[in-house]
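These notes are about the structure you will find just below.
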Amino acid sequence: MQNTDIRPWHQWYKGLEPIDFPEHSVYSLLQTSAERYPARPAIIYEKEVITYHELKSQVDCLAGNWRKMKVKQGDRIGLMLANHPAYIICYYAAQALGMIVVQINPMYTLREFLQISNDSKIDYLVFDDIAEKVVSEAKHIYTFKECMPISPQGVNSIPSLIKSGVPLEKLCGCQSA
């Protein structure tokens, strides 16, 4: 038992053995769920149902396109999204590549957004329609490698990247991070 002067809560842990948690990536949890429960709902959003198989497929296609865009492990990606399936897809795609996710409130003002962008040194940004005005103003002040909207217009919009994507494992013949 360690000194309780430093950690007084340890006095309550007498007789408890430390728990050995297996080391798995967040992305591997999605892989396992997609293998075990491919037809079960992973996301229910309004009237749309996305199964685990469909979710993993979309995540892999997005991650594949991001890899083609030279996104690499350790790059920081800002997710400036409201409660939407695109958030989940982008989050898992970022995890598949070993990116660092910076969660950003899409209701932030320009000043708040620039503060978090500067502090976290965001390389890439995925943004919601709600944040479009703030993001367009911020692009004149802060340099992103790429800004990707979740609305369907644009070459590098999230829907077009998912639709045109080649799954990561087919792209490089390797496993995800």
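Filter the range 69-93 down to residues that are more than 19 Å from K121 (Cβ to Cβ) and of a type in the set (G, A, S) and give me whichever is surrounded by the most Cβ atoms within 10 Å (Cβ to Cβ).
Among those residues, the one meeting the criterion is A93.
Please verify whether V26 is within 24 Å of G165 (Cα to Cα), surrounded by 12 or more Cβ atoms within 10 Å (Cβ to Cβ) and free of Cβ contacts under 8 Å to residues at least 12 places away in the same chain, treating the condition exactly as stated.
When the stated conditions are applied, V26 does not pass them.
Listed here are the residues, each with its yes/no results for (1) touching a residue at least 12 places away in the same chain (Cβ under 8 Å); (2) more than 30 Å from S117 (Cα to Cα); (3) among the hydroxyl-bearing types (S, T, Y); (4) surrounded by 15 or more Cβ atoms within 10 Å (Cβ to Cβ).
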{"site": "Y45", "(1), (2), (3), (4)": "yes, no, yes, no"}
{"site": "T51", "(1), (2), (3), (4)": "yes, yes, yes, yes"}
{"site": "Q95", "(1), (2), (3), (4)": "yes, no, no, yes"}
{"site": "G98", "(1), (2), (3), (4)": "yes, no, no, yes"}
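Please tell me if V102 is over 16 Å from I158 (Cα atoms) and in contact (Cβ under 8 Å) with a residue 60 or more places away in the chain.
Spelling it out, it is not the case that V102 is over 16 Å from I158 (Cα atoms) and in contact (Cβ under 8 Å) with a residue 60 or more places away in the chain.
List every residue pair whose Cβ atoms lie under 8 Å apart, where the two residues are 6 or more positions apart in sequence or sit on different chains, the first residue falls within the range 29-40 and is of a type in the set (F, W, Y), and the second residue, located anywhere, is surrounded by 13 or more Cβ atoms within 10 Å (Cβ to Cβ).
Between residues of the range 29-40 that are of a type in the set (F, W, Y) and residues that are surrounded by 13 or more Cβ atoms within 10 Å (Cβ to Cβ), the close pairs are Y37/Y52.
So which helices (runs of 4 or more DSSP H) are wholly in the range 64-177 and hold at least 1 residues that are of a type outside the set (A, V, I, L, M, F, W, C) and under 25 Å from P41 (Cα atoms)?
By residue number, 85-97, 158-164, 168-172.
Taking the stated definitions as given, is L168 within 23 Å of Y52 (Cβ to Cβ), of a type in the set (A, V, I, L, M) and crowded, with 19+ Cβ neighbours inside 10 Å?
Here the answer is yes, as L168 does meet what is asked.
Residue-wise test of (1) at pLDDT 95 or above; (2) under 19 Å from the mean Cα position of the chain (by Cα); (3) of a type in the set (S, T, Y).
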site	(1), (2), (3)
M99	yes, yes, no
M107	yes, yes, no
E112	yes, no, no
I141	yes, no, no
I150	yes, yes, no
N156	no, yes, no
G173	no, no, no
S176	no, yes, yes
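The values are calculated or read from the model by the stated rules, or taken from the named source; none is laboratory data. Since this is a predicted model, take the numbers as computed values, not measurements. Don't worry about glycine lacking a Cβ; one is built from the backbone with ideal geometry, like all the others, and counts go over all protein chains shown.
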